[in-house]
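The values are calculated or read from the model by the stated rules, or taken from the named source; none is laboratory data. Just so we're clear, the structure is a prediction, and the values are computed from it rather than from any experiment. Every residue, glycine as well, gets a Cβ built from its backbone with ideal geometry; the counts of neighbours run over all protein chains shown.
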Amino acid sequence: MKISPKIEKITTTAKELFIKYGIKRVSIKEICSASNVSKMTFYRHFKSKNDLVKFILKEIFSQGRNEIDEVLALDLPFEEKMKKILLLKIEYSNKYSPEFLSEFILSSDPEIKKFVDEENAKSFIQLKQIFSNAQKNYEIRPDIKIELIMFIASLMRDIFQNKNLNKLYPDTSSLMVEAFSFFYYGILTKK
């Protein structure tokens, strides 16, 4: 989708600021100043800061799902694909500041929380399809119900939101890396 240069400038600048400082600490005034656009121009394209945040998050989620689809299209064994997907998740968690990750994962803003929930639901559908296909191809155990796998996957969000668990890690991305690794590989060491 082609977007106007003004929207691209605003979103690129805002994304850089959000990643560096977190969403809450960055104001519309700072975004406009850093992107050399007026507030009038900003409001011509976005209703609010939340509207801008949702635009950026939609782009991030969409890009993530597209990259996973690209990995799935590779002619590799399922385990190799899962390793590549795990590496993508690690890459994403390292790309964004802890403030940015925790502010959208743990958002208390009802509008952002609803939006993130909707995007997570789309990703969840993609994940269910991945595991269903893998099970049909005998790449994962046929004796485990997909519903159990998906239930455990759905608990990931609760894990990332758990404040006590978050205290055990230097940042949310470290927790994400370990949780995803545990989900994909369990607790057994490789032989």
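Residue-level analysis places Leu76 among those that are surrounded by 13 or more Cβ atoms within 10 Å (Cβ to Cβ) and not in a helix (DSSP H, G or I).
Within the stretch 127-169, the only residue that satisfies the criterion of being of a type in the set (A, V, I, L, M, F, W, C) and either exposed (fewer than 10 other Cβ atoms within 10 Å of the Cβ) or on the phi > 0 side of the Ramachandran plot (or both) is Leu148.
Looking at the stretch 131-138, can you tell me whether even one residue there is in a loop (DSSP other than H, G, I, E, B), touching a residue at least 12 places away in the same chain (Cβ under 8 Å) and in the same structural domain as Asn164 (by TED's automatic domain parsing)? Yes, the conditions are met somewhere in the stretch 131-138.
Look through Lys54, Lys58, Lys89 and report the one residue that is crowded, with 17+ Cβ neighbours inside 10 Å, among the charged types (D, E, K, R) and within 12 Å of the chain's Cα centre (by Cα). So that I can check it myself, show each step before the final result.
On the way: Lys54 fails: within 12 Å of the chain's Cα centre (by Cα); Lys58 fails: crowded, with 17+ Cβ neighbours inside 10 Å.
Matching residue, one of Lys54, Lys58, Lys89: Lys89.
Out of Ile19, Ile23, I need the residue that is surrounded by 17 or more Cβ atoms within 10 Å (Cβ to Cβ), among the hydrophobic types (A, V, I, L, M, F, W, C), at pLDDT below 95 and part of a loop (DSSP other than H, G, I, E, B). Which one? Being surrounded by 17 or more Cβ atoms within 10 Å (Cβ to Cβ), among the hydrophobic types (A, V, I, L, M, F, W, C), at pLDDT below 95 and part of a loop (DSSP other than H, G, I, E, B) holds for just one of Ile19, Ile23, which is Ile23.
Taking the stretch 106-115, which residues are surrounded by fewer than 17 Cβ atoms within 10 Å (Cβ to Cβ) and either modelled with pLDDT under 85 or assigned to a helix (DSSP H, G or I) (or both)?
The initial filter retains those residues of the stretch 106-115 that are surrounded by fewer than 17 Cβ atoms within 10 Å (Cβ to Cβ), namely 106, 108-111, 113-114.
Answer for the stretch 106-115, where residues must be surrounded by fewer than 17 Cβ atoms within 10 Å (Cβ to Cβ) and either modelled with pLDDT under 85 or assigned to a helix (DSSP H, G or I) (or both): Leu106, Ser108, Pro110, Glu111, Lys113, Lys114.
If you go through the stretch 156-171 and keep only what is part of a helix (DSSP H, G or I), farther than 18 Å from Leu87 by Cβ and touching a helix residue (DSSP H, G or I) at 6+ places or on another chain (Cβ under 9 Å), you end up with Arg157, Ile159, Phe160, Gln161, Leu165, Asn166.
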